[in-house]
Amino acid sequence: MYTTEFLALSDLTKYGSWIKSQDRETLYLYFGSVVGSESIDLLIRKIALNFENNHILIAKIDGAWAGTIHIAVNGKDVEFGIIVSAPYRKHGIASLMMDEAITWAQNRGYQNLYMHYINKNLPIRHLCKKHGLKPCNMIGESEAKLKLDLPSPTTYLKEFLFAQRNFLASNLILHSKNLFC
C-alpha cells in the first residue's frame with residue numbers, strides 16, 4: 001500500500017540514516033559523485049538549521065520507506081531532489097511523488113521548479129520530461145526547469161485527495177494490525 005507523508009524535524013535523522021543505507025550507484029546518481037557518511041551528516045545538519053525552507057516528502061510501501069523528495073525552497077522557487085530505493089524502482093513511485101510534490105508547491109504559490117541531475121541519470125531525465133520540466137544541458141549535468149501554474153480548485157482538490165489516501169491507508173494498516181494481535 002502506497003502512502004506519503006512530510007517528514008517532521010524530529011525525524012530528520014531517520015532521513016539521514018535512510019540515505020546512508022542506499023547503494024553506491026543510487027548515491028552517485030543523486031549527489032553526482034560518491035559521498036560518504038560525513039557528507040550526508042553535513043547535509044542533514046544544513047537542512048536542520050534551515051528546516052523551514054526544506055521539506056522532505058517520504059513515499060512508503062506497506063510502511064517501508066521507498067523514496068523521498070527533498071524540496072528546497074529559495075524565495076518563490078523550489079528545487080527537488082528525488083531518490084527511490086533500488087527495490088522499488090520501475091513501479092511509478094518517483095512519478096507519484098513528483099505529482100504530489102508539484103501540486104504541493106503550486107498550492108503554496110511557488111513559481112518555478114528546478115531539478116539538477118547528472119546526464120547519466122536517465123530515469124530522472126525521463127521523469128523531468130514526463131512532468132514538463134525543460135532541460136538545459138551543461139557539461140556532464142543538466143538543469144531542468146518548470147514554470148509552475150497558479151493554484152486552482154483542482155490542485156487543492158488533488159492535495160486533499162492525497163491526504164485522504166494517506167489517512168485511509170494508515171487506518172487500514174492499523175485496523176489490519178489489530179486483527180492479528
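The table below gives the values:
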read-out: Long-range neighbours under 6 Å by Cβ, at least six apart or interchain, first residue surrounded by 15 or more Cβ atoms within 10 Å (Cβ to Cβ) and modelled with pLDDT under 95 within region 30-57, second of a type outside the set (Ser, Thr, Tyr) and part of a helix (DSSP H, G or I); value: Val35/Leu27
read-out: Condition met for Ala105 (open to solvent by less than 60 Å² (accessible area, probe 1.4 Å), at pLDDT 95 or above and more than 23 Å from Met1 (Cβ to Cβ)); value: yes
read-out: Scan of region 36-68 for residues that are out of contact with any Phe, Trp or Tyr (no Cβ under 9 Å at 6 or more places or on another chain) and aromatic (Phe, Trp, Tyr), ordered by number; value: Phe51
read-out: Residues located in region 1-21, provided they are within 15 Å of the chain's Cα centre (by Cα) and either outside any helix (DSSP H, G or I) or not β-branched (Val, Ile, Thr) (or both); value: Tyr2, Thr3, Thr4, Glu5, Phe6, Leu7, Ala8, Leu12, Lys14, Tyr15, Gly16, Trp18
read-out: Members of region 97-151 that are in a helix (DSSP H, G or I), without any contact (Cβ under 8 Å) to a residue 60 or more places away in the chain and among the hydrophobic types (A, V, I, L, M, F, W, C); value: Met98, Ala101, Ile102, Trp104, Ala105, Leu122, Leu127, Cys128
read-out: Tally, over region 26-37, of residues that are closer than 15 Å to Ile82 by Cβ and either of a type in the set (D, E, K, R) or in a helix (DSSP H, G or I) (or both); value: 6
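The values are calculated or read from the model by the stated rules, or taken from the named source; none is laboratory data. This structure is a prediction, so every number in the text was calculated from the model and none was measured. A quick note on method: Cβ atoms are made from the backbone with ideal geometry, for glycine too, and the neighbour counts reach across all protein chains shown. Quick note on the areas: whole protein, heavy atoms, side chains included, nothing else; ligands and nucleic acids left out. Shrake-Rupley method; radii C 1.70, N 1.55, O 1.52, S 1.80 Å.
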